[in-house]
Every structure is written in C-alpha cells, then in structure tokens.
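Enquirer: Structure below; questions to follow.
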Amino acid sequence: MTKNHAGMARIPATPENIERAAAAIRAGDLVAFPTETVYGLGANAFDPQAVAKIFEAKRRPTFDPLIVHVLDLDGLAQVVAEIPPPARKLAQAFWPGPLTIVLERSERIPGIVTSGLPTVAVRIPAHAVARDLLACAGVPIAAPSANPFGFLSPTRAIHVERWIGDAAAIILDAGRTEHGVESTIVQIVPELAILRYGAIEAERIEDVLGPIARRIESSSHPVAPGQLPMHYAPRTPLRIVHGADVPWEERSGAAYVAFANDAHGYATTRVLSRSGDLREAAGRLFDVLHELDALGLARIDVEPVPEHGLGLAIMDRLRRASYAG
Ligand code: TXA
Ligand code: MG
C-alpha cells in the first residue's frame, strides 16, 4: 500500500481506493472513512478481534458500545433481532441520513460491539463514500467517531491522520463532512428516548413519533451505558481472582475465565487467549461472560489481565461486572 510522506495511509476516496479499503475491512483491519456527520474509524462488525482494534486505537481504559453502519434495510435485518413500527417510521423519514437508532441486537453481532448490551445502535449513512465502502465490503461496519475522547469530532481526514497515526490501514479522504456533528441517537428498545442530540433536530424526531423522553448524556449527568458502575453485571456473581489462589472446594461450583492459563477443578473453564494476546482476549470477553452467565453456576472467577493496552479496557469492564453495589 502506498503511504504518504508522513507514513500515514490517507488517500483520496477514489473508487479504486474504496475497493482497497473494503478489502482491508474484510481482512480485519481498520479503515477511517467519511460520513455525512463526521469521520468514523471502522471495522467489520462481525469480527470481534477487528473491533477490538478500535478500542486499542482509541486508547480508552473502557469499552463503549459502537454504532454499526449498514447499507440498507437488508443490512439492518442482519444486525438487529426485529424492526418494530417506530423504527420503521424513523427509517422511512430519515434514512439514509444522520440518525442512529437503538434496537435489540441480532445474535450475529459480537458482544464487544455493544459492550455486552442486548441492544445495538445502527444507522444507514447517506455519504456516497460510506455507502460505496459498505457495498464493496459486504459486511456491516462498526465505527465510532474517529476522535479521542473529549476532543472535537473529526470533520476532515487530516484530523483523523493527526490523531490515529498508523492504527488505520487506510484513511479515505473525501474533504470536509457536511454536518460536522454526530448523528442523533434515538433509542427504541427498551423504551423510546432521545439519547443524543445530533444532526437531526429533536423536534423533527417528534414530528414523526410524537413527544418522547430525552435522556441526554453529559459529563455532569452520565447516562451512557458504559459510564454506569454496575450496568453490565452478569446475574452470576463475578470476582477477579487468580484461579490458583482459590481454595479447591470453591472451584467445583464455579466457572473460570483464564487469560492464558487454565486452572483445574472448576466446573468449566474458558481461556480468553492461549497466546496471551490482549486483542484476542478483548474480542472474546463479552461473549464468554454471556455464555457462562447462562449456565447458572454459583460464581464466575476471572483471572486479571495485564493492565496495559486493551488490558485496561478489559479490567475496567471486569471491575464494573464485579461491582456489588
Ligand atoms: O455520526 C455518528 O453517529 C458517528 C459516525 C461515524 O457515524 N459515529 C459516532 O459514534 O458518533 P460514537 O462511538 O462516537 O458514538 C456512539 C454513541 C455513544 O454515545 C454510545 O453510548 C451510543 O452511541 N450507543 C452505542 N450503542 C448503544 C446502545 N446499544 N445503547 C445506547 N447507546 C448506545
Ligand atoms: Mg464520539
């Protein structure tokens, strides 16, 4: 791949380069791309390890659920469990466009995309480059805005290049984005609410749905699921402990989640990454916890992982999951 003088991969969004970007997405790499709102940092939404790279690139010590971008209603049907009437109305009124809706997720969406939530945020973008990329890639693309937390949203590819460095295999440059603010987020499930003000005015949403609740996230009043201390706690009590330190008689009724090394005597054991790869571990974490929670055992013991890189995000997530009140 040709990289420009700075060693980055910012290239014009020509049809040929969009094809290369789509191939990168299919190969499990990250691609930064323009939408009509802001630039996004995208990965194949069906590939948990590729999605883990997004969190690694953001260097955030926490996981936040991502927005999944799809080409059309057929693509939507692949990522959600059902499309209730209010969602159909919004889709008809505002898609393709800067509206994100939160619906029950399909089984095909890995837990890392939704931070373990049973819902998924989805949108059908209008930007021609985003649409060509989705069409060529043939998979849904999970993408947060391509900016570090607390920074201005990237409205130009150069903003992304300055911050992302080499994390993206390709940065598709299509000039300045149209709206410059993120999409409006409307939650349909579990209950109707506007979660984020964005490029579509709240009044226009209410023109379609009638008056609905507003649960807007802000730093003084966090409602984003990732910010609540125990939001993701499984029903099974979870603790962070080295299996080898657990008395033998406490193991038989419990499940063990090892980072790289098994412990003996547990009812069942899952290994997040035999090679000790934090990216692989992050990609598997939420799905493993869901699976073990469903077994109805007395406890889930989870081995701590090294606290660097994606290990910070994993440990943040585990501490929330083990938070007892
Ligand atoms: O305009 C946009 O929406 C841009 C472009 C790239 O599409 N994307 C974007 O993504 O702004 P991001 O990650 O910066 O914002 C995602 C927001 C977060 O506030 C997150 O809490 C919320 O979506 N979100 C994602 N999944 C959710 C879910 N299942 N339930 C509630 N909120 C969710
Ligand atoms: Mg953002």
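What follows draws every value from the coordinates through simple rules; no lab data is involved. In this text, all values refer to a predicted model and were calculated from it rather than measured experimentally. Positions of Cβ are backbone-derived with ideal geometry, glycine not excepted, and every protein chain shown enters the neighbour counts.
Enquirer: Quote the FRET efficiency, to the nearest 0.05, computed for Arg319 versus Ala27 with a Förster distance R0 of 45 Å and r equal to the Cβ-Cβ distance.
Expert: Values: r = 33 Å, r/R0 = 0.74.
Plugging the Cβ-Cβ distance into 1/(1 + (r/R0)^6) gives 0.85.
Enquirer: Place +1 on the Cβ of every Lys and Arg and -1 on the Cβ of every Asp and Glu in the chain, take the dipole about the Cα centre, and give the residue among Leu172, Leu238, Ile205 whose Cα lies farthest towards its positive end.
Expert: Leu172
Enquirer: Rounded to the nearest 0.05, what FRET efficiency do His264 and Arg239 give with R0 = 22 Å and r taken as the Cβ-Cβ distance? Could you check? Before the final figure, lay out each step's value.
Expert: Details: r = 18 Å, r/R0 = 0.83.
Approximately 0.75, to the nearest 0.05.
Enquirer: Which value, in Å³ per residue, describes the convex hull spanned by the Cα atoms of the chain?
Expert: Hull volume over Cα atoms, normalised by residue count, gives 130 Å³.
Enquirer: Arrange the following residues from fewest to most other Cβ atoms within 10 Å of their Cβ: Arg10, Arg26.
Expert: Arg26, Arg10
Enquirer: Still on this structure: With a length cut of 30 Å (Cα positions projected on each helix's long axis) and a Kyte-Doolittle mean of at least -0.5, go through the chain and give me the DSSP H helices that pass.
Expert: none
Enquirer: Using a cut-off of 12 Å between beta-carbons, work out the net charge of the residues near Thr184 (Lys and Arg +1, Asp and Glu -1, Thr184 not included).
Expert: Summing Lys/Arg as +1 and Asp/Glu as -1 gives 0.
Enquirer: Okay, moving on. Please express the shape of the stretch 36-92 as an equivalent ellipsoid: the semi-axes are the square roots of 5 times the eigenvalues of the C-alpha gyration tensor, given largest first in whole angstrom.
Expert: Ellipsoid half-lengths, sorted descending, are 26, 13, 11 Å.
Enquirer: Stretch Arg176-Arg214 to full length: gain in nm at 0.36 nm per residue minus the Cα-Cα span?
Expert: On the way: separation 38, 0.36 × 38 = 13.68 nm, distance 2.99 nm.
Value of the extension gain: 10.7 nm.
Enquirer: Note down the nm distance, to one decimal, between modelled labels 7 Å out along Cα→Cβ at Glu104 and at Ser252.
Expert: 3.9
Enquirer: Among Phe63, Gly296, Leu134, flag the residue with its Cα farthest along the positive direction of the charge dipole of the chain, charges on Cβ as +1 for Lys/Arg and -1 for Asp/Glu.
Expert: Checked the options; the winner is Phe63.
Enquirer: So, one more: Provide, in order from the shortest bin, the percent of all Cα-Cα pairs of the stretch 33-191 in each 10 Å bin, continuing until the bin that contains the maximum pair distance.
Expert: 11, 44, 37, 8, 0
Enquirer: Multiplying the sequence separation of Gln78 and Asp207 by 0.36 nm and subtracting their Cα-Cα distance, what value in nm do you get?
Expert: 43.6 nm is the gain from fully extending Gln78 to Asp207.
Enquirer: Which of the peptides 77-85, 313-321 is most tightly packed, and how do the rest follow, going by the mean number of other Cβ atoms within 10 Å of each residue?
Expert: Numbers: 77-85: 15.7, 313-321: 21.2.
The most tightly packed comes first, giving 313-321, 77-85.
Enquirer: Just need the relative contact order of the chain here, percent rounded to a whole number, with Cα pairs under 8 Å and 6+ apart.
Expert: Once divided by the residue count of the chain, the mean separation gives 22 percent.
Enquirer: Of the candidates Arg105, Arg204, Arg20, which one comes out as most mobile in a Gaussian network treatment of the chain with C-alpha springs shorter than 10 Å?
Expert: Its mean-square fluctuation being the largest, the pick is Arg204.
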